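Participant: What follows is a single structure, and I will ask about it in a moment.
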Amino acid sequence: MFDALSDKLQATLSDVRARGTLTEDDINKAMREIRLALLEADVNFKVVKSFTANVKERALGADVLGQLNPGQQVVKIVSDELTSLMGGAAAGVSFSPRPPTVILMAGLQGSGKTTATAKLARHLREQNGSSVAVAACDVYRPAAVDQLVKVGAQAGATVYEQGTDRDPVDIAGWALDRAKQEGKDVLIVDTSGRLHVDERLMDELVRIRKVVRPHTILLVVDAMTGQDAVNVAEQFAQAVQFDGVVMTKLDGDARGGAALSVKAVTGKPILFASTGEKLDQFERFHPDRMAQRILGMGDVMSLIEKAESQFDEDQAKDLEKRLRKGEFTLEDFLSQLRMMRKMGPLQSLLGMIPGFAGNQLKNMKVDERELDRVQAIILSMTVEERRRPELINGSRRLRIAKGSGTSVQQVNGLVKQFGQMRKVMQQLGKGKMPDMAALMRQ
Ligand code: GDP
């Protein structure tokens, strides 16, 4: 996602940054390249035109030309404009003072609406501690009700369903009554999609909206469909005013046009991003962070949030103490490794670190199998061996290698590296710079 665009923008901007001073010609050339990159990423042409016009106007302003470090300023302008193109500040769903807050999900069939309904339920439960119910009103797509029953339960939501024979408008009304009776904080209503926007679909949505009076209407849009997605969003905006977009399938190789155009074309921001089929691959959309990621400036905030959601503070403190004392064991190492891997594929984590984007990331393929191997080796050890690796003698090594499908050398390598790491940690813990040369000689 955004890879090609990211590479091109970064190439253009690093040219600009490399110059001591910038002339109007330099800026015009950069704008041409940016325009092409955006068009190739399938961004709506009107959006591209006004985007480059805005950047150029600001870049030609007195505060850039002839200034010290003008390239940096241009990068900042592009980053600001990308952010505002995607909606400026991050927004969320608004809650009703009198629960339940009702959220209506709309979108075409296959856009990921049912999946997003469950993901949003999980998100609101985890982030806000809300009790959430979901209503299965997609009676049109075969199996949508069964699917919601399954994923809704996985998300920890109560699922209200009445099969597929009743009118979805009636089901929605019934579900709202139940949500009120059961004191739910939030009711998310999944509705039917169609393959194309048609009158029946819009009519049904309007009727459901009348019955449940939603506080927020979210349009689910498939990023992979590019400009089609934006056209669909425009049609929905005319028929049922929605409040925000859930952009799905951002993990695919979509060029990014939909995500960059939808706010400018419909006036409604992207509120959530879905980046995979799993329930936890869903997050609030932050235009500023996305802009920085596209420009290779990293997304440290998201990385920290991901880490915080996985790491337990008490556990971390305890670990830190033991690290200082050199009591860190292979067992601790294993649990750290597992926690880190729960944060997602390493490749995607690296993409959030400044400087690791686009091409650099592609060249730095992380071999997840290497981590599988380390995990397998530690798992083949006894608890005693994990606590006191010095016990691991020749015959134990052979047993561990056999058990983990690795070689004695690989087991050796891991134990040795772990020993070195423990020493470094211990020395750092005592406030000393470790003697690297001495460690290397071991
Ligand atoms: P609906 O017809 O709009 O309710 O669509 P579904 O929720 O059934 O989703 C359609 C397909 O897209 C399913 O196979 C989902 O697993 C998949 N899907 C949904 N969201 C994402 C996403 O963010 N990334 C990927 N890769 N697949 C997704």
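Participant: Are any residues in the range 394-440 modelled with pLDDT under 90, over 39 Å from the mean Cα position of the chain (by Cα) and either of a type in the set (A, V, I, L, M, F, W, C) or not assigned by TED's automatic domain parsing to the domain that holds THR382 (or both), and if so, which ones?
Facilitator: Once the filter is applied, which keeps residues that are modelled with pLDDT under 90, over 39 Å from the mean Cα position of the chain (by Cα) and either of a type in the set (A, V, I, L, M, F, W, C) or not assigned by TED's automatic domain parsing to the domain that holds THR382 (or both), the range 394-440 yields ALA437, ALA438, LEU439, MET440.
Participant: Between a residue in the range 394-419 that is more than 11 Å from SER380 (Cα to Cα) and any residue that is surrounded by 14 or more Cβ atoms within 10 Å (Cβ to Cβ) and charged (D, E, K, R), which pairs come within a Cβ distance under 9 Å, given they are 6 or more apart or on different chains?
Facilitator: That search, which allows pairs on different chains as well, returns VAL408/ARG397; GLN410/ARG373; ASN412/ARG397; LEU414/ARG373; VAL415/ARG397.
Participant: Would you please list the contacts, defined by Cβ atoms under 8 Å and residues six or more apart or on different chains, that run from a residue in the range 136-150 that is in contact (Cβ under 8 Å) with a residue 60 or more places away in the chain to a residue that is within 11 Å of the ligand (Cβ to nearest atom)?
Facilitator: Pairs that qualify, where the first residue is in contact (Cβ under 8 Å) with a residue 60 or more places away in the chain and the partner is within 11 Å of the ligand (Cβ to nearest atom), are CYS137/ASP190; CYS137/THR191; CYS137/SER192.
Participant: While we're looking at this one, here's another question. Can you pull out the residues in the range 143-163 that are buried (at least 18 other Cβ atoms within 10 Å of the Cβ) and β-branched (Val, Ile, Thr)?
Facilitator: Result: VAL145, VAL151, THR158, VAL159.
Participant: Check ASP372, ASP332 and return the single one that is at pLDDT 65 or above, of a type in the set (D, E, K, R) and closer than 25 Å to GLU277 by Cα.
Facilitator: Sole residue among the options that is at pLDDT 65 or above, of a type in the set (D, E, K, R) and closer than 25 Å to GLU277 by Cα: ASP372.
Participant: Which condition from (1) within 13 Å of the ligand (Cβ to nearest atom); (2) crowded, with 21+ Cβ neighbours inside 10 Å; (3) modelled with pLDDT under 90 is the one that GLY257 breaks?
Facilitator: The one condition GLY257 does not meet is (1).
Participant: Yes or no: the range 97-109 includes at least one residue that is small (Gly, Ala, Ser), away from the ligand (no atom under 16 Å from the Cβ) and in contact with a Leu (Cβ under 6 Å, 6 or more places away or on another chain).
Facilitator: no
Participant: Quick one: would you say LYS249 is of a type in the set (D, E, K, R) and within 16 Å of GLY92 (Cβ to Cβ)?
Facilitator: Judged against the criteria, LYS249 is not a match.
Participant: When the residues of the range 121-145 are narrowed to those that are over 11 Å from GLY156 (Cα atoms) and assigned to a helix (DSSP H, G or I), which ends up nearest to the ligand (Cβ to nearest atom)?
Facilitator: The residue in question is ALA144.
Participant: Would you call VAL197 assigned by TED's automatic domain parsing to the domain that holds MET290 and modelled with pLDDT of 90 or more?
Facilitator: no
Participant: Would you be able to say whether some residue in the range 307-314 is away from the ligand (no atom under 16 Å from the Cβ), exposed (fewer than 15 other Cβ atoms within 10 Å of the Cβ), modelled with pLDDT under 70 and of a type in the set (Ser, Thr, Tyr)?
Facilitator: yes
Participant: Also, I was wondering about something else. Among the numbered conditions (1) within 13 Å of the ligand (Cβ to nearest atom); (2) buried (at least 16 other Cβ atoms within 10 Å of the Cβ), tell me where ALA237 comes up short.
Facilitator: (1)
Participant: If you don't mind, there's one more thing I want to ask. Out of MET105, MET31, which single residue is closer than 30 Å to ILE171 by Cβ, of a type outside the set (Phe, Trp, Tyr) and surrounded by 18 or more Cβ atoms within 10 Å (Cβ to Cβ)?
Facilitator: Step by step, each of MET105, MET31 is checked, and only MET105 is closer than 30 Å to ILE171 by Cβ, of a type outside the set (Phe, Trp, Tyr) and surrounded by 18 or more Cβ atoms within 10 Å (Cβ to Cβ).
Condition check ((1) in a helix (DSSP H, G or I); (2) free of Cβ contacts under 8 Å to residues at least 40 places away in the same chain; (3) polar (S, T, N, Q)) across all residues:
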position: VAL16; (1), (2), (3): yes, no, no
position: LYS29; (1), (2), (3): yes, yes, no
position: ALA53; (1), (2), (3): yes, yes, no
position: PRO99; (1), (2), (3): no, no, no
position: ALA106; (1), (2), (3): no, no, no
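Participant: Which residue, of VAL221, VAL262, VAL186, VAL246, is crowded, with 24+ Cβ neighbours inside 10 Å, of a type in the set (A, V, I, L, M, F, W, C) and away from the ligand (no atom under 16 Å from the Cβ)?
Facilitator: Criteria check complete, one pass: VAL186.
Participant: Spot the failing condition for ARG293; the list is (1) more than 16 Å from the ligand (Cβ to nearest atom); (2) of a type in the set (Lys, Arg); (3) modelled with pLDDT under 80, and only one is missed.
Facilitator: The single condition ARG293 does not satisfy is (3).
Participant: OK, next. Need the failing condition index for SER111 against (1) surrounded by fewer than 24 Cβ atoms within 10 Å (Cβ to Cβ); (2) touching a Gly at 6+ places or on another chain (Cβ under 7 Å), just the number.
Facilitator: The single condition SER111 does not satisfy is (1).
Participant: So ALA273 fits all but one of (1) under 18 Å from the mean Cα position of the chain (by Cα); (2) within 15 Å of the ligand (Cβ to nearest atom); (3) surrounded by fewer than 22 Cβ atoms within 10 Å (Cβ to Cβ); what number is the exception?
Facilitator: (3)
The values are calculated or read from the model by the stated rules, or taken from the named source; none is laboratory data. Quick caveat, the model's predicted, so the values are computed rather than measured. Glycine gets a Cβ as well: all are built from the backbone with ideal geometry, and neighbour counts include every protein chain shown.
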